[in-house]
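Since every read-out is calculated from the coordinates, none of them should be taken as a lab result. Computed from a prediction, not measured in an experiment: that's the story for all the values here. Cβ coordinates were reconstructed from backbone atoms using ideal geometry, including for glycine residues, and neighbour counts include every protein chain displayed.
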Amino acid sequence: MDEYFYFDTYALVEIAQGNQNYAMYREGIKILTNKLNLMELAYFLFRIGKEDKIEIIFKDYLKYHIEPSTNALIGAAKLKFLQRKKKLSYIDCLGYLIAKENKVKFLTGDEKFKNMPNVEFVK
């Protein structure tokens, strides 16, 4: 499987926890993510007492960081506004727009994105 996916924070957390449903996304996958998703992952690791892993994981994933374009930033604000009943986070909206802009699937297990186009939904 040699394709790109945008890893949102949900996916990063599940991978960090060893969720076997995400195992296939660690081999032969080209990853995109954003520093904001890594920041949320760091928060999760602090929360579960694994702060010793943060630098290692950050260093591992930082090479996959993609800077958001102005269009992605504006699109994320628009998506959050249009989908305000779902209460999507800004970071999730931004990741979704970065994925869309780069023509890759948005990898998540977040129920709020389950039936949206361009989403690879994995629990």
- request: Lys and Arg at +1, Asp and Glu at -1: add these up for the other residues within a Cβ distance under 11 Å of residue 99 and post the number.
  value: -1
- request: Calculate the radius of gyration of the Cα atoms of the range 7-121 to one decimal place, then report Dmax, the largest Cα-Cα distance, as a whole number, both in Å.
  value: 13.8, 39
query: Which value in nm describes the separation of the simple spin-label points at residue 89 and residue 123, placed 7 Å from the Cα toward the beta carbon?
result: 2.1
field: Cβ-based net charge around residue 34, under 14 Å, with every Lys or Arg adding one and every Asp or Glu removing one
entry: -2
MRE, 222 nm, helices only [DSSP H, n ≥ 4, -39500 (n - 2.57), over the chain, to nearest 500]: -13500 deg cm²/dmol
Zone of residue 103's modelled label, taken as backbone nitrogen in the range 1-21 under 19 Å from a point 7 Å along Cα→Cβ: 2-7
- line: Burial-style ranking of 101-108, 112-119, average other-beta-carbon count within 10 Å with highest first, yields 101-108, 112-119
task: Quote to one decimal, in nm, the extra length available between residue 78 and residue 39 on full extension: 0.36 nm per residue of separation minus the C-alpha distance between them.
output: 11.8 nm
Bridge type composition, the chain - antiparallel percent by DSSP, nearest 5: 0
